[in-house]
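Visitor: Before we start, here is the structure in question, set down as structure tokens.
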Amino acid sequence: MVQTFPQVLLWLVGLALTQEVHTVKASSCKVLPEDEEWPTPAEWEQFNVTVGGRLLGPVIPLSAPCHDNPSGLGSYDADECSKITASWHSTELHIHHPTSILYPLFSNNSCLHSTDRFSPCTRGYYPIYVVNISTPDQISATVSFAKAKNVRLNIKNTGHDFLGRSTGRGSLSIWTTHLKSIELIDSYAGETEYTGHAVKFGAGVSVLDLLEATDKADKMILGGAQRSVGVGGGFLAAGGHSPLSSRFGLAVDSVLEFDIVLANGSFVTATQKSYPDIFWAVRGGGGSTFGVVTSWTLRTFDTMPTTTIRMKFNASNEENYWKAVSTFLEITPNMGDQGVYSFVVLRNQVMHITALYGPNLTVAELDQLLNPFLERLHSDAIKYTKKSLHVTSFFPAFYETNAVTKAGWDAAMASRLIPRDVVENNLDSLVSELKKLSTFANGEPRVIYLMSFNPICTVEPNLCDNSVNPVWRKSVTHVVANLPQSRNMTMSDIKRRARLHVLDDFQPMRDLTPGSGAYMNEASDFEPDFQEAFYGVNYGRLYEIKQKYDPTGVFYATQAVGSENWTESDGVLCSNDGVEVKVD
Ligand SMILES: Cc1cc2nc3c(=O)[nH]c(=O)nc-3n(C[C@H](O)[C@H](O)[C@H](O)COP(=O)(O)OP(=O)(O)OC[C@H]3O[C@@H](n4cnc5c(N)ncnc54)[C@H](O)[C@@H]3O)c2cc1C
């Protein structure tokens, strides 16, 4: 139910009398369409002129054609609905809609295609207005308008975010996905020590597009392991692990400069010498925090012959299964040292190595590194499938090996970066925790992802001083445990299960790895002590820079730097300096 502003105020005061949790002052909440302070239609119209007619909205949710609900936003159309239903799991469907995101849980599961046709289609936690960005000026104008009108600002690139940080109730959204320029630079000479080949690209360019473009010049960049992820949005801002990370570090280590619109609306270029604090903070301190990046310049690398291996087996014997997992983990530090990156999925006693990337390695060399694991499978008579590929450059290896991701599902995610020391000296405990995590209550299977690498920053030492949580550099495996959630559950059940999964069941993994952290982009929005886990020793400096450039919190995202100054309850975003409110 949508509440009016006076209702919200009464609700806040009522809660203040009965509960004691967070402090939120109603008057410092971002405005919603039902509030008196919400911009008038004439003001929106005028704003649209300032952004060159690029304003979209009020935007109707993607699945509105699946709802027959005259009093809501539904507009039932059987053909349209069946098209949406048929392509619901396609990432492209959600990327190309102005407000849709890959994981609808974060929209409060609003207006789903799969719910009853006669149930209301509401906007839920989706943005209401969107600026389809084509120039930095439009971003400056949008930031200034949102700030002046106290409207919540959102930034969406591809909508891949696992913590729902590219949506927000009642927000005005900056949609960057159409910033697609790619310029190859033969001899970059800027303010870093690096000179040589580079690429400048718009914030909306995907991993696939950037790898393809650089490959044409026999170069490559560090993109994510999945083709549809945006390079220039949340990925680079959080560090970004890549199939090339064991050779060249994290993706952000190769950033030479970037262009950004700051909270005061100014459009600046950040380099080691110009806005050095912003240059440091944005390279690892997270998206939607310090500004809106419009383009990045990365150094490129000469492409190299690459071997990939994919393997899969189903072990009927549980003990043998976990012995195999253990042997695989045991060899990952050495594989990482030799430049190998691996991506493994564990579920229901199936181990699926979806990709083992060996840049600059032959098939024989990669097999040799994998040999202890293969021997383990042979000695335990585990039958497996194995496919190897060797090509003369990285891009075709990536293209052939990388599976297309499915969108539109929901899961509670918990994760941890596992230090080398734990894998080398406490492997039994690690495997024992993974085994416990492989099932939830009543034997319900969880899915475990193991990404192994050696992401040390060596390639460009003067660029290694960035704000990525330093625990990355000591980590050799990134463990992600997913608890699948179902649309048929109530939201309170979904949250209860997520808390159990993240706070209780995953706690032993945190206990096993004291002083480590978690990757902010592949983690839970329930992560305890997120400042320590996601940002580590850099948090204090990041917070100061946030206060310097965005003291009023124009940019906000769940668990972003400075987000502790805000409380979000039922999608209503209020600053923490007034009435006491319980947060669920
Ligand atoms: C299928 C899949 C595969 C993945 N694989 C990898 C991987 O291999 N390696 C890895 O490191 N991560 C990976 N991730 C995680 C990925 O890094 C995050 O989901 C990331 O947030 C995606 O960024 P985006 O810009 O594409 O998505 P969005 O959801 O659009 O944005 C993510 C965040 O960045 C903010 N943002 C977007 N654009 C800008 C901008 N221009 N300026 C400032 N803030 C901005 C948004 O507000 C939001 O907070 C994967 C995720 C998925 C879903």
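The values are calculated or read from the model by the stated rules, or taken from the named source; none is laboratory data. Just so we're clear, the structure is a prediction, and the values are computed from it rather than from any experiment. Glycine also receives a Cβ, built like all others from the backbone with ideal geometry; neighbour counts cover every protein chain displayed. Only protein heavy atoms, including side chains, enter the accessible area calculation; ligands, DNA and RNA are left aside. Shrake-Rupley method; radii C 1.70, N 1.55, O 1.52, S 1.80 Å.
Visitor: Return the pair list, or none, for Cβ contacts closer than 8 Å from residues in the stretch 278-293 that are free of Cβ contacts under 8 Å to residues at least 60 places away in the same chain to residues that are open to solvent by 10 Å² or more (accessible area, probe 1.4 Å) and acidic (Asp, Glu), at least 6 apart or on different chains.
Guide: Phe279/Glu257
Visitor: Please find, within the stretch 314-352, the residue that is nearest to the ligand (Cβ to nearest atom) out of those that are of a type in the set (S, T, N, Q) and assigned to a strand (DSSP E or B).
Guide: Per the criteria, the residue is Ser342.
Visitor: Here is a follow-up. Name the single residue, out of those in the stretch 469-521 being modelled with pLDDT of 95 or more and of a type in the set (Gly, Ala, Ser), that is farthest from the chain's Cα centre (by Cα).
Guide: Out of the qualifying residues, it is Gly515.
Visitor: Under 8 Å by Cβ, and 6 or more places apart or on different chains, what pairs join a residue from the stretch 255-273 that is under 17 Å from Phe235 (Cβ atoms) and open to solvent by less than 20 Å² (accessible area, probe 1.4 Å) with one that is part of a strand (DSSP E or B) and among the basic types (Lys, Arg)?
Guide: That search, which allows pairs on different chains as well, returns Leu256/Arg299.
Visitor: List every residue pair whose Cβ atoms lie under 6 Å apart, where the two residues are 6 or more positions apart in sequence or sit on different chains, the first residue falls within the stretch 79-95 and is of a type in the set (Lys, Arg), and the second residue, located anywhere, is open to solvent by 70 Å² or more (accessible area, probe 1.4 Å).
Guide: Going by the 6 Å Cβ cut-off, there are no qualifying pairs.
Visitor: When you look at Glu92, is it away from the ligand (no atom under 16 Å from the Cβ) and acidic (Asp, Glu), yes or no?
Guide: Considered against the rule, which asks whether it is away from the ligand (no atom under 16 Å from the Cβ) and acidic (Asp, Glu), Glu92 comes out as no.
Visitor: Name the residue, out of Leu102, Leu62, that is of a type in the set (A, V, I, L, M, F, W, C), out of contact with any Leu (no Cβ under 8 Å at 6 or more places or on another chain), assigned to a loop (DSSP other than H, G, I, E, B) and under 29 Å from Ala498 (Cβ atoms).
Guide: Of Leu102, Leu62, the one residue that is of a type in the set (A, V, I, L, M, F, W, C), out of contact with any Leu (no Cβ under 8 Å at 6 or more places or on another chain), assigned to a loop (DSSP other than H, G, I, E, B) and under 29 Å from Ala498 (Cβ atoms) is Leu102.
Visitor: Under 8 Å between Cβ atoms, which residue pairs at least 6 apart in sequence (or on different chains) link something in the stretch 484-508 that is in a loop (DSSP other than H, G, I, E, B) with a partner that is surrounded by 13 or more Cβ atoms within 10 Å (Cβ to Cβ) and of a type in the set (Val, Ile, Thr)?
Guide: From residues that are in a loop (DSSP other than H, G, I, E, B), the pairs are Gln485/Ile494; Arg487/Thr115.
Visitor: Quick one: which residue in Arg510, Arg541 is open to solvent by 60 Å² or more (accessible area, probe 1.4 Å), among the charged types (D, E, K, R) and either closer than 25 Å to Ser114 by Cβ or more than 16 Å from the ligand (Cβ to nearest atom) (or both)?
Guide: One residue alone meets the criteria, Arg541.
Visitor: Identify, from the list Ile174, Ile139, Ile185, the residue that is in a helix (DSSP H, G or I) and either touching a strand residue (DSSP E or B) at 6+ places or on another chain (Cβ under 9 Å) or within 16 Å of the ligand (Cβ to nearest atom) (or both).
Guide: Exactly one residue qualifies, and that residue is Ile139.
Visitor: Determine, yes or no, whether Ser187 is farther than 28 Å from Asp77 by Cβ and either modelled with pLDDT under 95 or in the same structural domain as Val207 (by TED's automatic domain parsing) (or both).
Guide: yes
Visitor: So which residues in the stretch 408-461 are closer than 30 Å to Ser254 by Cα and small (Gly, Ala, Ser), if there are any at all?
Guide: Ala414, Ser415, Ser452, listed by residue number.
Visitor: Mind telling me which of the residues Gly285, Gly240 ends up being in contact with a Ser or Thr (Cβ under 7 Å, 6 or more places away or on another chain), within 13 Å of the ligand (Cβ to nearest atom), outside any strand (DSSP E or B) and within 19 Å of Glu522 (Cα to Cα)?
Guide: The conditions single out Gly285.
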